[in-house]
Amino acid sequence: MSRDPGDVVVYALGMRILIDVHSGSRWRTSPRPYLATLLRVALAALLSLPLAAQADRATSRPKASAKPPNLILFLVDDMGWQDTSVPFHTERTPWNSLYRTPNMEELARRGMKFTQAYAAHPVCSPTRTSMMTGKNPARTHIDDWVGHGQSQNQYLKSPEWASRGLQPGDGNVTLPELLRQQGYRTIHIGKAHFGGKGTRGADPENLGFDLNIGGSYIGHPWGGWISPWLGKYKAAYPRMGDRPKGEYVTDALTDEAIHVIAKAVEEKVPFFLDMAHYAIHAPIQPAPRLIEGYRDGRPAVEANYASMIESMDASLGRILASLRDPDGDGDAKDSIADDTLIVFMSDNGGLSNHVRARTGKIQLGNGIEADFVKDWHNRPLRSGKGSAYEGGTRVPMIVAWAGQRSDASPLHTTLPIGPGSTCNEPVHMDDFFPTFLVLAGVPEPVDEKKHDGQSLVPLLVGKPFTRKKPLFWHYPHQWTGKVGVGLGIEPFSAMRKGDYKVICFYGDGIADGEGQDPRVELYDLAKDIGESRNLVRTRPKLAIQMRDELISWLREVGAGIPIVKSTGKPVLLPAKGSPLTY
């Protein structure tokens with residue numbers, strides 16, 4: 001970063017900030033956006049003499065950015081907490097040795113790793129629209145994947161819900177719309193799945209994005225992963241043009257991202273890029289250039305899966321490289337890496353219930369023992385995508401300045417993310433909307449009572465953080481199949497408060513001692529990350545208290561409640577303080 005040390009009034013991270021010239025750390029907010037530049041010039045002149053004496057010392061410190069940061073959300077589809085060589089558990093596990101993600105490792109060295117990050121939902125569309133609106137899926141009623149329609153199991157069927165997904169004019173203000181008003185170029189590349197087929201919301205350009213490449217109503221790569229994947233589905237991939245034969249979808253989307261980044265740099269505009277890969281969603285098909293590296297004795301589907309993960313990671317590496325050299329001429333003079341913040345995240349937990357291998361324990365050629373068992377591909381987390389358990393919602397998350405060096409002091413005084421740092425605070429996709437707005441200097445437009453989540457900026461800079469509300473999940477639909485035993489793949493609502501997590505499963509909707517009664521489960525995640533010890537019998541008062549708080553919140557936001565097939569009425573929620581059923 002090159003700045004005059006006397007330039008103490010900055011438009012740093014898009015926020016209107018005056019930096020205390022003595023401490024360099026205390027912030028005061030200027031009253032109006034347009035005053036920032038005037039104040040900067042005026043105070044720089046007034047303070048030039050005392051600052052001159054500090055110039056040598058100031059130049060050795062990290063600098064404050066003079067412009068709002070570029071923001072990249074690198075969103076992966078269906079990537080589990082363990083689907084990476086970066087350990088997010090307290091120790092490395094065999095899963096971390098099954099995959100190669102060197103660019104994720106590098107990003108973690110440059111920034112902050114979040115060990116308890118959660119998607120807003122165990123399936124995709126609700127999490128994606130949470131990022132767009134700052135509202136929990138229970139509040140927007142976009143609480144299933146768009147296109148699923150009316151789902152049901154042997155006991156229950158879906159309530160009325162916003163099955164068309166996010167739509168312009170539906171009362172929701174979107175993140176890209178607000179950033180665009182702040183002067184950002186807003187770009188979506190890859191999977192959207194915000195709105196249903198035939199609706200305006202299917203096109204991200206109707207939801208606040210200036211440019212959409214490859215995003216529509218589809219939720220996985222129609223036509224397969226290797227070109228000619230467009231074929232008859234070309235309309236589902238806007239602005240992808242004609243692709244070379246044999247090209248992998250992940251590579252194609254990355255090419256487009258590199259191009260739009262270079263364009264934004266050339267035109268000197270800040271940008272928000274929603275880099276939303278279709279990877280690693282089913283169908284599980286190998287990345288041709290990488291598959292040979294995984295033929296080590298693991299089942300074919302697991303080799304294919306690992307190659308898809310590495311291909312996604314290679315995309316991250318290529319984008320990082322493009323930020324350092326946007327025009328690709330080998331000269332980093334046009335680098336924007338120092339001014340670009342990358343947030344890496346997955347939209348829900350890793351696939352485990354179907355498609356994945358179920359061979360049990362096998363010895364791989366590299367000496368690693370792998371244990372492929374149905375619904376345990378995210379161990380020590382229980383279950384996977386679609387589930388109420390941790391495997392359904394806990395995901396990898398990393399935040400870093402792209403230009404941060406792992407062996408250097410934090411890059412920015414205004415957002416000094418410690419390289420190689422770890423955050424163990426539970427965070428949620430609902431938090432992304434307010435976080436991005438703070439980073440861009442955009443006032444929160446929605447009343448606090450009508451949105452969810454809170455800014456994570458204090459966590460990023462190592463300051464105290466107190467969670468104002470618990471974390472919530474609500475899935476009143478049946479993702480797939482029938483209600484099973486022990487999978488958590490059934491209609492549910494859940495809440496995490498501190499280390500404790502309560503889950504209300506709706507069962508057959510009738511507490512009569514017959515069939516699958518509604519039930520409550522309570523876990524202490526600090527002591528039992530695998531959710532193997534239900535505490536409702538040993539901590540019944542806490543279970544009732546947390547259940548009641550969860551139900552109160554469901555009523556507050558008007559959440560849809562599953563319909564009992566035998567009666568045609570919603571499941572009757574228990575009265576406050578009523579005893580538990582087991």
Reported to the nearest 10 Å², ILE510 has, with a 1.4 Å probe, an accessible area equal to 60 Å²
Over region 171-264, what relative contact order in percent results from Cα pairs under 8 Å that are six or more residues apart?
23 percent
Helical mean residue ellipticity (222 nm; -39500 (n - 2.57) per DSSP H run of 4+; nearest 500) of the chain:
-6500 deg cm²/dmol
Would you mind calculating the relative contact order of region 299-395 from Cα pairs under 8 angstrom and at least 6 residues apart, reporting the percent as a whole number?
21 percent
Net charge contributed by nearby residues that have their C-beta within less than 10 Å of MET495 (K/R +1, D/E -1)
+4
Rounded to the nearest 0.05, what FRET efficiency do ASP327 and ARG295 have when you use their Cβ-Cβ distance and R0 = 30 Å?
0.20
I want to check the label-to-label distance for LEU580 and VAL355. Put each point 7 Å from Cα in the C-beta direction and report it in nm to one decimal.
3.5 nm
Computed for the chain: size of charge dipole around the Cα centre, +1 on C-beta of each Lys and Arg, -1 on C-beta of each Asp and Glu, debye to nearest 20, value 980 debye
Contour minus end-to-end for ILE362 and ALA526, with contour as 0.36 nm per residue of separation and end-to-end as the Cα-Cα distance?
56.0 nm
Cβ crowding within 10 Å averaged over residues, with 103-114, 543-554 ranked highest first
103-114, 543-554
Rounded, prolate or oblate: which one fits region 72-214, using the alpha carbon gyration tensor with axes a ≥ b ≥ c (rounded when a/c is under 1.5, else prolate when a/b beats b/c, else oblate)?
oblate
Kindly sort TYR294, TYR155 by accessible area of their heavy atoms, largest first, with the probe set to 1.4 Å.
TYR155, TYR294
Could I have the simple spin-label model distance between THR93 and ARG539, label points 7 Å from Cα toward Cβ, reported in nm to one decimal?
2.1 nm
Quick query: amide H of GLY350 versus all other amide H atoms, modeled in the peptide plane; which residues come in under 5 Å with a sequence gap of 5 or more or a different chain?
GLY80, TRP81, LYS385
Dipole magnitude of region 402-527, debye to nearest 20 (Cβ charges: Lys/Arg +1, Asp/Glu -1, about Cα centre)
460 debye
Post the alpha-carbon centroid distance, region 205-281 to region 449-497, in whole angstrom.
29 Å
Name the residue farthest towards the positive end of the dipole of the chain from the options ILE510, ALA306, HIS412, assuming +1 on Cβ of Lys and Arg, -1 on Cβ of Asp and Glu, about the Cα centre.
ILE510
Calculate the spin-label point distance for GLU160 paired with ASP242, positioning each point 7 Å from the Cα along the beta-carbon direction, and give it in nanometres.
4.9 nm
In cubic angstrom, how much convex hull volume per residue do the alpha carbon atoms of the chain span?
156 Å³
How much net charge surrounds ARG164 when only other residues with a Cβ under 15 Å from its Cβ are counted (Lys, Arg +1; Asp, Glu -1)?
-2
Using the Kirkwood formula on the Cα atoms of region 336-470, what hydrodynamic radius do you get, in angstrom to one decimal?
17.6 Å
Percent relative contact order for region 386-465, counting Cα pairs under 8 Å at least six residues apart, stands at 25 percent
Taking 0.36 nm per residue of separation and subtracting the Cα-Cα distance, what length does fully extending VAL485 through SER552 add?
21.4 nm
Mean projected area in nm² (Cα convex hull; one quarter of hull surface) for region 507-582
5.9 nm²
Sum up the charges of everything whose Cβ sits under 13 Å from the Cβ of VAL269, counting Lys and Arg as +1 and Asp and Glu as -1, but leave VAL269 out.
+1
Looking only at Cα atoms, what is the convex hull volume of region 210-256 per residue, in Å³?
73 Å³
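The values are calculated or read from the model by the stated rules, or taken from the named source; none is laboratory data. This is a predicted model, so every value here is computed, not measured. Neighbour counts are summed over all protein chains in view; Cβ atoms, including those assigned to glycine, are modelled from backbone coordinates with ideal geometry. Surface areas here come from the heavy atoms of the whole protein model, side chains and all, with no ligands, DNA or RNA. Shrake-Rupley method; radii C 1.70, N 1.55, O 1.52, S 1.80 Å.
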